[in-house]
Structure formats: C-alpha cells, structure tokens
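The values are calculated or read from the model by the stated rules, or taken from the named source; none is laboratory data. Just so it is clear, the structure is predicted and the values come from calculations on it, not from any experiment. Heads up, the Cβs are rebuilt from the backbone with ideal geometry, glycines too, and the neighbour counts pull from every protein chain shown. For the accessible areas, the whole protein counts, side chains as well, though only heavy atoms, and no ligand, DNA or RNA atoms are used. Shrake-Rupley method; radii C 1.70, N 1.55, O 1.52, S 1.80 Å.
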Amino acid sequence: HPDIRWSLEFKPTDENTRFFTVPSTGAAMMLVKEIDRPNMGLTLDMGHMLMAGENPAQSIAMVGDKLFGIQLNDGYTRLAAEDGMMFGSIHPSMALEAMYQLRRIGFKGHFYFDTFPQRTDPVKEAEYNIRRVKEFWRAVEKMDENELENVAREHDALGALKLVDDALRR
C-alpha cells in the first residue's frame, strides 16, 4: 500500500522478551534503507534512544526525512528501564538539542507523548508536556545560528553550555 505511511519504532530491550531484533536507531535505519520505499520510515522514542545509550538529537539528525513521528518523554538512561518521565524533566539540554534538530530537518511528522502518569493527574501531565515542547521550540527559535556555528566550529564546551543556559532562561 504505497499510499499508507509505515513507521517502525525500535526498542533496545523489552520487559517481556528481554531483547528486540531492532535495538537502535542505526539498526532501524538499515532496515528502512533495505526496505527502500518512500512510505517507510521511523518513529523515534526519546526514552528508547536514551535506553540505547544514544544522543537523541544525533539520532534525529541521522534519520532526517525518514522521521515520521517522535515520542517525547524522558528517563534515567538505564537499559530495560522505561521510565516514561515528562519531556525535558531529566535531560533538559538534550530536549533542547532534540527540538533544534527537529527544526533543522524540517520535521513535519507527529509528536506523541509517551509518558506514564502513574502518580499524577494525566490531564495535568499532558498539559505540562505540551507547555514544555512549546517552551523548547520557542527557545530554539531564539537561538543565534551564527553563535551556534561558531561554538561548534571552535569545539567550545563553555560556549555551548552558555548557549543552552541562555536559551532555557529566555
């Protein structure tokens, strides 16, 4: 069915089977390239990328226009620990960088929130997630591209931290 967009979501491990046959963004992209269809892409899950030891922004950049959806959440990065925390609550700088890469690739897919509101009001948690995404998106819009390019070219760690701090304070 060429008129239907198909999207694979990788997972490094599963609570029930303890392994998954497509455990990383790289493995998932290899599969997408092997299938070689314009309507085949990926849905990335921030928590799964963290569980796999990946930098989510780097994974987003690697997938590019094959990114059909993204599940926004956060977690503590332990393998087999799908924490389902609210977006940007543990790794705000990674969340900011992920938003930057989504804007850079011209992401037009779907945003999902894959969080587990076990001890919080699910409506309030959804509202928080939406607010955070908008805050990070606006912060990226306000970043100075020239300054970012200079920091990257110079490998300026302190400059990069200042850019992130300034962006998150605005």
Study note, to complete from the structure: Selection from region 17-33 of residues assigned to a helix (DSSP H, G or I), of a type in the set (Gly, Ala, Ser) and either surrounded by fewer than 20 Cβ atoms within 10 Å (Cβ to Cβ) or touching a residue at least 60 places away in the same chain (Cβ under 8 Å) (or both) yields Gly26, Ala27
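Looking at region 150-170, which of its residues are among the charged types (D, E, K, R) and not in a helix (DSSP H, G or I)?
Of the residues in region 150-170, the ones among the charged types (D, E, K, R) are 153-154, 156, 162, 165-166, 169-170.
Once the filter is applied, which keeps residues that are among the charged types (D, E, K, R) and not in a helix (DSSP H, G or I), region 150-170 yields Asp156, Arg170.
Restricting to region 74-124, count the residues that are of a type in the set (S, T, N, Q), in a loop (DSSP other than H, G, I, E, B), within 15 Å of the chain's Cα centre (by Cα) and modelled with pLDDT of 85 or more.
2
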Check your understanding: Within the set of pairs 6+ apart or on separate chains, which have a first residue in region 100-118 that is in contact (Cβ under 8 Å) with a residue 24 or more places away in the chain, a second that is open to solvent by 90 Å² or more (accessible area, probe 1.4 Å) and in a loop (DSSP other than H, G, I, E, B), and C-beta atoms under 6 Å apart?
Key -> none
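Can you name every residue in region 116-133 that is touching an Asp or Glu at 6+ places or on another chain (Cβ under 6 Å) and closer than 24 Å to Phe68 by Cβ?
Pass one, region 116-133, residues touching an Asp or Glu at 6+ places or on another chain (Cβ under 6 Å): 117.
Answer for region 116-133, where residues must be touching an Asp or Glu at 6+ places or on another chain (Cβ under 6 Å) and closer than 24 Å to Phe68 by Cβ: there is none.
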**Study point:** region 103-136, residues that are open to solvent by less than 70 Å² (accessible area, probe 1.4 Å) and over 13 Å from Ser89 (Cβ atoms)
**Key:** Ile105, Gly106, Phe107, Gly109, Asp114, Ala126
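Are any residues in region 39-53 of a type outside the set (S, T, N, Q) and either buried (at least 20 other Cβ atoms within 10 Å of the Cβ) or at pLDDT 95 or above (or both), and if so, which ones? First the steps, then the outcome.
At the first step, the residues of region 39-53 found to be of a type outside the set (S, T, N, Q) are 40-42, 44-53.
Within region 39-53, Met40, Gly41, Leu42, Leu44, Asp45, Met46, Gly47, His48, Met49, Leu50, Met51, Ala52 qualify.
Considering Asp36, Asp65, Asp14, which residue is surrounded by fewer than 17 Cβ atoms within 10 Å (Cβ to Cβ) and on the phi > 0 side of the Ramachandran plot? Give the steps one after another, and end with the answer.
On the way: Asp65 fails: on the phi > 0 side of the Ramachandran plot; Asp14 fails: on the phi > 0 side of the Ramachandran plot.
It is Asp36.
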